[in-house]
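Single-structure report; data block below.
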Amino acid sequence: MLDAIVNNKYLLTAISTLGGIAITVFTQQLLNRRGRFRYSVTHTRVGVSTDDAIFGSVKVTWNNNLIANLFLSTVDLVNESMRDYENVIVKTFSNDTDLLTERTEVVGTTHFLKWTDEFAKELEVTPGQQPTQAQVSLYRRERNYLIPTMNRGQAIRFTFLNAAKTQNQPTLWLDIVHKGVKLHYGIAHNKIFGVSQPTAGYVGLMIGIIFVGIVISLSHTVWISCVISLAYGLFAQIFGAITLKVWRWLQNLFGG
């Protein structure tokens, strides 16, 4: 039966056509799926307070307060979806380190993030007055930022100087509640032509199913079909990335 299907070019063409339609629908669903934001965190220890009776002491202080372990932590947030978003509120928080100074940047631009109006109001201090203990606790525990525009592929970087409360490496987390957005923690994926490798691989695989069907229907020699299919498989991610780049270009061209 398999030989009959392989040798029937019309049937193979029909199967490839139906498969192409199904994959096109699936690809459209993939491209319009829920927005995916991914973030990763790296920590660098920059100071440790020690007290050695023989070799001397090293003291790290913040506002004249001794800090046992000082870290520089960087949080990278990337919009890995195929859509752009506006007015995204992102919360950075921790329960095992005190956040001290901060720096934010919209990677690749000269812009930086501002606190949300609500968060800035909570930390507002009357001129000539000192912050309350509640304000100090809030400042050291979390930050709330407003991202005016989060374009597809856009990266945001947060850098915090922080004092770990224990001898262990601190933990920093992000939280986003925004319509159509799902936040994931993990290592940022490598990219091919600006497209994440997993996404490029998925699209390349779907294109490959159609491509292999066409090759089988047109080729009369099995080994030639195998070699061509294998060659495509080696570069499937590249074809997937190019397809997505062209798709994005068409979306931008027609106002998508």
Looking for something farther than 30 Å from Asp96 by Cα and either at pLDDT below 90 or outside the structural domain of Thr42 (by TED's automatic domain parsing) (or both) - is there at least one such residue anywhere in segment 169-183? yes
Those residues of segment 59-114 which are aromatic (Phe, Trp, Tyr) and under 15 Å from the mean Cα position of the chain (by Cα) amount to Tyr85
I'd like to verify a number: residues in segment 75-99 that are of a type in the set (Lys, Arg) and either assigned to a strand (DSSP E or B) or under 30 Å from Gln167 (Cβ atoms) (or both), how many? 1
Segment 118-195: strands (runs of 3 or more DSSP E) wholly inside it with 2 or more residues that are touching a Cys at 6+ places or on another chain (Cβ under 9 Å) and among the aliphatic types (A, V, I, L, M) are none
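Kindly indicate whether Ala155 is under 30 Å from Ala236 (Cα atoms) and assigned by TED's automatic domain parsing to the domain that holds Ala236. Steps first, please.
Working: under 30 Å from Ala236 (Cα atoms): yes; assigned by TED's automatic domain parsing to the domain that holds Ala236: no.
Criteria not met by Ala155.
Select from segment 100-116 the residues that are in contact (Cβ under 8 Å) with a residue 24 or more places away in the chain and either over 12 Å from Phe158 (Cα atoms) or in a loop (DSSP other than H, G, I, E, B) (or both) and list them in ascending order.
Filtering segment 100-116 down to residues in contact (Cβ under 8 Å) with a residue 24 or more places away in the chain leaves 100-108, 113-116.
The answer is Leu100, Val107, Gly108, Leu113, Trp115, Thr116.
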Could you run through segment 236-256 and say how many residues are exposed (fewer than 13 other Cβ atoms within 10 Å of the Cβ) and modelled with pLDDT of 70 or more? 3
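The values are calculated or read from the model by the stated rules, or taken from the named source; none is laboratory data. Just so it is clear, the structure is predicted and the values come from calculations on it, not from any experiment. Glycine also receives a Cβ, built like all others from the backbone with ideal geometry; neighbour counts cover every protein chain displayed.
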